[in-house]
Amino acid sequence: QVQLVESGGGLVQPGGSLRLSCAASGRIGSTYRMGWYRQGPGKQRELVARIFRSGTIDYADFVKGRFTISRDNGYTAVYLEMNNLKPEDTAVYYCHLQLLTTLLNVWGQGTQVTVSS
């Protein structure tokens, strides 16, 4: 069983920065992709950024130039550096992992990010 544990959320003022971390544990095997999604109040969950095993990276248009996704060399951790945060970035941020062999999707429990003055 694979588990994801996120950390790094919190309250920050507009223009501030936060760094989210996600660590995977359990029978991971090989990962196909890891990434971050978010769900704001009254909204559907949406992709923020993802990184594939190949190194390909996708960003949502609304975070380009502000957020940076990265991973560790062992493909068991993923990070999200968030700069110039805006109130509309307020959401629960979820870590996601998809396994290579089974394409099983695994989700973390979510971490709250609140951007407010």
Say each of Gln112 and Ser30 gets a label point 7 Å from the Cα, pointing the same way as Cα to Cβ; how far apart are those two points in nm?
4.0
What percent do you get for the relative contact order of the chain when only Cα pairs under 8 Å and 6+ apart count?
37
In whole angstrom, the spacing between the Cα centers of region 44-69 and region 1-32 equals 14
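Give me the net charge for the shell around Phe52: Cβ to Cβ below 9 angstrom, other residues only, Lys and Arg +1, Asp and Glu -1. Each step should come with its number before you reach the end.
Working: positive: Arg33, Arg50, Arg53; negative: Asp58.
Charge balance near Phe52 sits at +2.
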Could you grab the relative contact order for region 1-45? Cα pairs under 8 Å, six or more apart, rounded to a whole percent.
37
What is the extension gain from Ser7 to Arg66, computed as 0.36 nm multiplied by their sequence separation minus the C-alpha to C-alpha distance, in nm to one decimal?
19.3 nm
At a 1.4 Å probe radius, which order do Glu46, Glu6 fall into by accessible area, largest first?
Glu46, Glu6
Multiply the residue separation of Phe52 and Glu81 by 0.36 nm, subtract the distance between their alpha-carbon atoms, and state the gained length in nm to one decimal.
8.7 nm
Take Arg66, Arg27 and sort them by solvent-accessible surface of the protein heavy atoms, 1.4 Å probe, largest at the top.
Arg27, Arg66
Counting Lys and Arg as +1 and Asp and Glu as -1, what is the net charge of the other residues whose Cβ lies under 14 Å from the Cβ of Met82?
+1
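The values are calculated or read from the model by the stated rules, or taken from the named source; none is laboratory data. Since the structure is predicted, the reported quantities are computational estimates derived from the model, not experimental observations. Please note: Cβ atoms are built from the backbone with ideal geometry, for glycine as well, and neighbour counts cover all protein chains shown. SASA here: full protein model, heavy atoms, side chains in, ligands and nucleic acids out. Shrake-Rupley method; radii C 1.70, N 1.55, O 1.52, S 1.80 Å.
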